[in-house]
Number of protein chains: 2
Amino acid sequence: MSGEAHLAMGGGEEFDAIRRMLSTWGAKARGIGDDAAVLEVPRGEKLVVSTDAAVEDVHFKRPWLSAMEIGARAASAALSDLAAMAATPRGLLLAVGLPADWHGDLEDIARGVGMSADYSGCPIIGGNLSASHVLSLTITVLGSTSQPLHRNGARPGDVIFVTGQLGGPRAALAAFTNGTRPAPAHRMRFASPKARLRESYWLAARGARAAIDISDGLVADAEHIALASGVSIEIDDRAVPLMDGVGIADALASGEEYELLVAMPQASVVDVRGFAGEFGIPLTAIGVVTTVGDRPVTTNGTRATAPRGHDHLA
Amino acid sequence: MSGEAHLAMGGGEEFDAIRRMLSTWGAKARGIGDDAAVLEVPRGEKLVVSTDAAVEDVHFKRPWLSAMEIGARAASAALSDLAAMAATPRGLLLAVGLPADWHGDLEDIARGVGMSADYSGCPIIGGNLSASHVLSLTITVLGSTSQPLHRNGARPGDVIFVTGQLGGPRAALAAFTNGTRPAPAHRMRFASPKARLRESYWLAARGARAAIDISDGLVADAEHIALASGVSIEIDDRAVPLMDGVGIADALASGEEYELLVAMPQASVVDVRGFAGEFGIPLTAIGVVTTVGDRPVTTNGTRATAPRGHDHLA
């Protein structure tokens with residue numbers, strides 16, 4: 001937190017709030033106190049940076065999640081962009097827009113951000129605190145790598161793999177919006193996603209050519225790879241790994257999964273069993289890359305209608 | 001803007017909105033299209049990064065500023081943190097929280113951000129777009145330098161300098177909140193601050209030991225330097241450069257100035273005339289650094305009461 005942190009609490013309250021967050025983070029927070037944070041990028045590596053926002057009533061509603069989950073989920077979502085690029089996290093900056101009725105939750109939000117930062121080995125290097133009418137967490141993550149993965153590297157003949165099992169976040173969201181209780185496993189996928197960083201390095205080390213994290217939905221994100229790479233992608237519906245209780249249409253559309261979608265060269269031998277043993281989640285071949293056709297993405301030969309995977313609340 | 005950009009507009013509208021912003025920026029926007037932006041930090045330089053938010057009804061009210069001014073002001077405020085560290089801007093990321101009734105203003109907001117980025121020679125390398133109930137711009141800036149300026153380098157005997165003339169933003173804010181028209185010169189200082197980057201390099205090249213940008217107010221920010229450096233600072237009221245129509249008490253408390261407050265070693269010969277000739281604004285010696293006393297900052301021997309320089313709206 002820099003001294004620029006602005007919070008309409010009057011008096012010393014804004015600094016107290018910052019101090020409470022810092023004490024929550026302990027040694028995870030580094031080098032905070034100047035106008036900007038200073039970071040050394042390892043020689044020969046490129047810097048990778050992304051910013052992502054989680055806004056109350058847009059990305060979540062208050063009754064659905066604990067304050068700690070809100071913080072942890074927002075940080076994981078941001079860190080997931082580093083996983084998509086196969087970058088090592090170097091620092092996280094947290095900008096909080098804090099309404100008055102959330103003041104008492106700030107430490108738990110900070111604790112959640114700290115948990116995800118810890119899980120990914122990422123120091124917290126700065127931030128900003130501002131009054132707001134809705135809770136918003138805007139998180140910027142910095143990473144570094146000598147060889148970033150991009151979206152545009154998929155080539156005809158590549159095989160498309162996905163990590164984990166899909167559909168949980170969409171099922172949880174449907175239950176929440178219907179006023180029912182989501183299944184615990186679905187809720188966990190919505191409330192506590194993990195950035196697939198180690199999985200990403202594993203895949204990059206085995207020759208991954210293109211990657212994206214599934215935030216908009218499998219079909220929508222496959223389309224991003226296809227369009228960026230100038231190829232088409234054929235997904236085999238029957239191969240898509242589903243969470244229990246989820247149908248294929250929902251799995252294709254489910255957003256905010258933060259699983260990885262990766263194009264691997266055909267020649268490479270991908271040890272899916274070794275992957276599952278190491279990370280405790282499946283790695284599944286679900287399709288192939290072809291030369292560019294009429295449609296960027298097909299599922300069993302029919303055009304994927306690219307349903308809005310990510311059903312934002314208005 | 002990454003593909004993660006989230007905006008509850010439905011259909012292709014969110015991508016259209018991003019495309020409109022990108023076309024506004026033209027060549028200023030670089031390398032956008034992956035999950036994260038990739039940046040090379042020059043060898044031997046450290047990365048400097050800061051995040052800053054501008055929120056409607058907290059930092060400004062809609063009738064006070066044009067959409068372009070809102071964008072330009074938010075970007076200048078963020079870039080000002082790089083000036084405080086004497087870092088060269090390398091990239092800016094813009095996260096917008098956009099309410100429905102601001103949709104028509106997005107291009108002008110983007111244009112304003114682009115103007116300030118241009119002024120500071122900073123490419124726009126990424127961002128995020130989200131629905132929101134209030135307009136918020138959270139801007140992250142990255143810079144690099146081999147020798148960052150910090151707050152903690154002031155030493156007894158140093159001379160405290162300030163750039164520009166103070167008090168304009170506070171006077172404009174007072175007029176706005178009273179429902180009167182601010183003087184044009186005051187309004188300009190509030191609506192169109194500039195990041196003092198070139199000024200900062202000039203000062204750093206002449207041995208500046210510590211610096212901060214004035215966002216909380218002269219006294220409050222002098223206190224940040226004093227506390228970080230373990231010294232006291234004596235400010236001579238009579239030397240503080242005032243804008244026309246502003247009194248000393250308001251000048252000491254005026255926030256969001258984005259002028260620089262710098263400690264220079266006594267020995268250094270600072271050519272204030274040369275500075276004014278080069279940059280068109282004054283550089284003024286306003287105080288001295290002493291060994292730490294009872295009070296971090298005094299003005300003419302009386303304790304500066306550190307008025308909340310930055311009167312946020314609730």
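What do the square roots of 5 times the Cα gyration tensor eigenvalues come to for the range B:88-234, in whole Å, largest first, as semi-axes of the equivalent ellipsoid?
Three semi-axes, in Å: 31, 22, 14.
Starting from the amide H of A:Ile212, placed 1.01 Å from N in the peptide plane, find each other amide H under 5 Å away whose residue is 5 or more places distant or on another chain.
A:Leu261
Which percent, to the nearest 5, of DSSP beta bridges fully inside the protein assembly as shown are antiparallel?
75
Which cross-chain or sequence-distant (5 or more) residues have an amide H under 5 Å from the amide H of B:Asn152, H modelled 1.01 Å from N in plane?
Long-range HN contacts for B:Asn152: none found.
Can you report the principal axis dimensions of the range A:43-123 using only the alpha carbons, biggest first, rounded to whole angstrom?
Its Cα atoms span 46, 22, 18 Å along the three principal axes.
For the range B:159-303, what is the convex hull volume of its Cα atoms per residue in Å³?
Hull volume normalised by residue count: 104 Å³.
Counting only DSSP beta bridges with both residues in the range B:25-166, what percent are antiparallel, rounded to the nearest 5? Working shown, then result.
On the way: 19 of 29 bridges.
About 65 percent, rounded to the nearest 5.
Run lengths n ≥ 4 of DSSP H only: what is the helix-derived mean residue ellipticity at 222 nm for chain B, with -39500 (n - 2.57) per run over all residues, to the nearest 500? Could you put the intermediate results ahead of the total?
Details: 9 runs with 99 residues, N = 314.
The helix contribution divided over chain B gives -9500 deg cm²/dmol.
When N is the residue count of chain B, what does its C-alpha Rg come to as a fraction of 2.2 N^0.38 Å?
Against the compact-globule rule of thumb, the ratio is 1.02.
In the protein assembly as shown, what is the volume of the convex hull around the alpha carbon atoms, normalised per residue and reported in Å³? Walk me through the intermediate numbers first.
Values: hull volume 88.8 nm³, N = 628.
Taking the convex hull of the Cα positions in the protein assembly as shown, it is 141 Å³ per residue.
Please report, for B:Gly104, the nm distances (one decimal) from its label point, 7 Å out from Cα along the beta-carbon direction, to the equivalent points in the remaining copies, shortest first.
So the distances to the same position in the other copies read 4.2 nm.
Please check: in the Gaussian network model of chain A (C-alpha springs, under 10 Å), which one of A:Asp244, A:Asp221, A:Asp108 has the largest mean-square fluctuation.
Judging by the Gaussian network model, the answer is A:Asp244.
Which whole-Hz ³J(HN,Hα) couplings does the range A:226-236 yield from phi under the Karplus relation 6.51 cos²θ - 1.76 cosθ + 1.60, θ = phi - 60°, glycine and proline marked x?
Each residue of the range A:226-236 in turn: 4, 5, 5, 8, x, 9, 10, 10, 9, 9, 8 Hz.
Looking only at chain B, where both bridge partners belong to it, what percent of the DSSP beta bridges are antiparallel (to the nearest 5)?
On the way: 39 of 53 bridges.
Expressed as a percentage, antiparallel bridges in chain B total about 75.
Highest GNM mean-square fluctuation, chain A, Cα pairs closer than 10 Å: which of A:Leu227, A:Leu149, A:Leu197?
Evaluated over chain A, the most mobile residue of the options is A:Leu227.
Just so you know, all these numbers are worked out from the coordinates, no wet-lab data involved. The structure presented is a predicted model; accordingly, all values stated were derived computationally and were not measured. Ideal geometry is used to build each Cβ from the backbone, glycine not excepted, and the neighbour counts take in all protein chains shown.
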